[in-house]
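**Student:** First, the structure itself, so that you have it in front of you.
The values are calculated or read from the model by the stated rules, or taken from the named source; none is laboratory data. For clarity, every value in this text was computed on a predicted model and none was experimentally measured. Please note: Cβ atoms are built from the backbone with ideal geometry, for glycine as well, and neighbour counts cover all protein chains shown.
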Amino acid sequence: MTLTLDTVTLTYQDGDGRLTALDRVALDVPAGTMAAIVGPSGSGKSSLLAVAATLVTPDSGQVLVAGTSTGELSRAEKSALRRERVGIVFQQPNLLPSLTSAEQLHVMAHMDGRKPRQVRDRAHELLAAVGLADKADRRPHQLSGGQRQRVNIARALMNDPDVLLVDEPTSALDHERGAAVLDLIVRLTRERGTATVLVTHDRAHLTEADQVCEMTDGRLYVPAAA
Amino acid sequence: MFVASRDLRFAKGRFALMGAVVVLITLLVGLLSGLTAGLARENTSAVTGLPADHLAFAAPPDGQSVSFTNSSVTEKTWTNWSARPGVESAEPIGIRTLNAASGDHTAAVSAFGVEPAAGIAPPGLAPGAAVLSEQAAQELGVTAGDTVRIGSLEQRVAAVAGDASYSHTPVVWTSLDDWQRVGRSGAGTGGEATVVALTTTAGADLAAGDEAAGTETKSLDEALTAIGSYQAENGSLQLMRGFLFAISALVIGAFFTVWTMQRSADIAVLKALGAATPYLLKDALGQAVLMLVAGTGLGALLASGVGLLIGGGDVPFVLDPPTVLVPAAVMIALGALGAALSIRRITAVDPLTALGSAR
Ligand SMILES: Nc1ncnc2c1ncn2[C@@H]1O[C@H](COP(=O)(O)OP(=O)(O)OP(=O)(O)O)[C@@H](O)[C@H]1O
Ligand SMILES: [Mg+2]
């Protein structure tokens, strides 16, 4: 199992009481497969991704990323884990305004202590894989929404993650572009063997998923093998 | 500095604006420093240039500090000091600001009366023969061999040497006897001088010497505060300089506070992607230091240029590496401190905010 959530509960402070965002959630995502998460707004989908990305520490339960239990890790160790093992595709592309498409990828290597020079070829290969080989020198404001989202995906794959977390990647795109982005994610999951979690509200995406999970009020329902 | 150097280029307008502020403040501080040093030299060079290590002033009344204007010592004082162990020489100096004239030139000068045979006396000094500093000679339009009137005395110009200046007036060296005669309006007590210049060895017990002679001894540097005009000027100029340093640190701090807040969404994204906080802090601080070094470098260069232009003329301006480089270094250090305090808020940015559609 490349990503495992074991009875994870997460609560947030909510006025005087506490709000349960994740209620004993269990999820296994093997390498090279994709789990799709659907559910109404506020049901806890983004919270699940945040826990899997070690951005928040759950109240109880275990999160294993590529076999590493994340509960005991220090802040710096979590950063390193995210750098090396986790790829995040944000809902909004979240590109850095001053960087070209290629540099959005280079910075991933730079923050990991490698010279951008050493990873130039890999960045180029990834941009080619998302169909943006000719847009490597464009800055975000010179790209279309769909192109930005594809840079977002390429960036998430830059450090060869074991776990790919994708939050509503098509919400800002029209139907055709959305479908293309989804195809890309599915293809990269298979090719690169990532354990992918896809949060989506688009039922059309579900046919491609290896497992489809329903989220309601913090509870995750994993149907028997589809 | 991967992201920061690209941000610098991407937001060059904003950084150029901030850089220009740094350039101007550095220029201002540089000019002020040169002026402070120049004024200080006009005020003190005669004292700092004395070939002695301490000055003994007449002990002031309780609660007051020593001053050249209020000090008066007698022959007993310096004979007493010369006899003390560890004191190699104790030479009286009389200091008085006077009017000097030659032909139709007049100038205010500081007459320094010393024994012609003393080690601290300039070569050529003799009774009736004064040694003029270059500035004094220039203002009076005289050269060696000419005659000048100093106060009420006719003196031959024995030599023109040095650029000694005291309390903004050029120095004229006379023999102590002549100096005493100038000062004596009618009958005088005789044997008087203003201070005693001491050359001492390490073992000298200055406190005991003060006790015995009724004096208060200061090192040459400490003695500068006894020059009234120096203390007042230097104090206010240093205060201005201090304020400029504080202002620049605050302005730079404010700039980087706003800048860091504007970037906080980007910082959250970088953190979510796995950037460690020290990495981000180094990135941002490097950017601040780069801008500071470029800005202060340019400012210091401009200050040097302006200093070269005005330094030769009537403006008292000292241009040497310390007057330019020390304020520049202080600017960089204080600016970096201001930036560091603002950049610190990177630590508090929560990567969780990069998720979802909050942006
Ligand atoms: N930082 C937070 N502090 C407090 N409560 C939070 C926080 N983040 C989320 N919540 C709450 O937790 C619950 C789950 O939120 P979450 O963002 O995971 O929902 P979601 O399923 O992603 O919704 P959407 O489809 O609208 O993105 C919501 O009720 C939300 O208000
Ligand atoms: Mg969400």
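**Student:** Provide a single number: the residues in the range B:242-284 that are among the small types (Gly, Ala, Ser), more than 36 Å from the chain's Cα centre (by Cα) and more than 13 Å from chain A (Cβ to nearest Cβ).
**Tutor:** 0
**Student:** For A:ALA76, are the conditions met, namely being over 26 Å from A:PRO140 (Cβ atoms) and away from chain B (no Cβ under 14 Å)?
**Tutor:** no
**Student:** Hey, could you check the range A:169-185 for residues that are within 16 Å of ligand 2 (Cβ to nearest atom) and buried (at least 18 other Cβ atoms within 10 Å of the Cβ) and say which is nearest to A:ILE153 (Cα to Cα)?
**Tutor:** A:PRO169
**Student:** If you don't mind, there's one more thing I want to ask. Quick one: would you say B:THR79 is in a strand (DSSP E or B) and exposed (fewer than 15 other Cβ atoms within 10 Å of the Cβ)?
**Tutor:** For B:THR79, the condition - in a strand (DSSP E or B) and exposed (fewer than 15 other Cβ atoms within 10 Å of the Cβ) - is not met.
**Student:** Looking at A:ASP202 and the list (1) touching a residue at least 60 places away in the same chain (Cβ under 8 Å); (2) more than 14 Å from chain B (Cβ to nearest Cβ); (3) within 16 Å of ligand 1 (Cβ to nearest atom); (4) surrounded by 14 or more Cβ atoms within 10 Å (Cβ to Cβ), which single condition is not satisfied?
**Tutor:** That leaves (1) as the condition not met.
**Student:** A further question on this structure: Residues that are within 11 Å of ligand 1 (Cβ to nearest atom) and not hydroxyl-bearing (Ser, Thr, Tyr), at least 2 per element: which helices (runs of 4 or more DSSP H) completely within the range A:1-112 meet that?
**Tutor:** In the range A:1-112, the matching helices (runs of 4 or more DSSP H) lie at A:45-52.
**Student:** May I pose another question? With respect to A:LEU127, is the statement that it is more than 11 Å from every other protein chain (Cβ to nearest Cβ) and buried (at least 19 other Cβ atoms within 10 Å of the Cβ) true?
**Tutor:** Judged against the criteria, A:LEU127 is a match.
**Student:** Does A:LEU188 satisfy the criteria of being away from ligand 1 (no atom under 16 Å from the Cβ), at pLDDT below 90 and surrounded by fewer than 21 Cβ atoms within 10 Å (Cβ to Cβ)?
**Tutor:** no
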